[in-house]
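> Let me give you the structure first, and then I'll get to my questions.
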Amino acid sequence: MVAHSRKTPGPGSLRPITTKPVVPQSVNSVPEGLKFRSLNLPVPIDVVEDGAERPLSISLPPTRSRRSIQKIRSLAITSINDLWQVDEEWWREHPISRRYYQVTTQDERRLTIFRDQLNGSWYWQKGG
């Protein structure tokens, strides 16, 4: 058996450990750098509907241009191009139940609107 001539290093000198104070945070708090802003939020609109809850005309909110603010105007719906139902997150406190319509208005605009089936409110989903 051969003995090793090297010494094993010892624990070394002790250094003080500095810790940052622990600040309690809420479970739902989000650090400032990680906050998100919502994009494409639905815009509340007024809709005249028929007896089957289908849209007949809509009133979009005023829009701002460089020169002036355009007033609210009612637009007749000339066609319903598509229709679909979304029912999601039924197990949560605030479930989602929406009936979406892709419509064409009298000025040939194609819009995506939906009716919140839980409260009967109508919304314009921009960009859709």
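Rule-based calculations on the coordinates, nothing more; no lab input. Since the model is a prediction, treat every value here as computed from it, not as a measurement. Here Cβ is always computed from backbone atoms with ideal geometry, including for glycine, and neighbour counts include all displayed protein chains.
> Quick check on the exposure proxy: order T18, T78, T105 from fewest to most C-beta atoms within 10 angstrom.
T18, T78, T105
> ³J(HN,Hα) across the stretch 121-127 via Karplus (A = 6.51, B = -1.76, C = 1.60, θ = phi - 60°), whole Hz, x for Gly/Pro?
For the stretch 121-127, the Karplus-derived couplings read 7, 10, 9, 9, 9, 5, x Hz, x marking Gly and Pro.
> Another one. Sorting E88, E93 on the 10 Å Cβ count, fewest up front, what's the list?
So the residues, fewest neighbours to most, are E93, E88.
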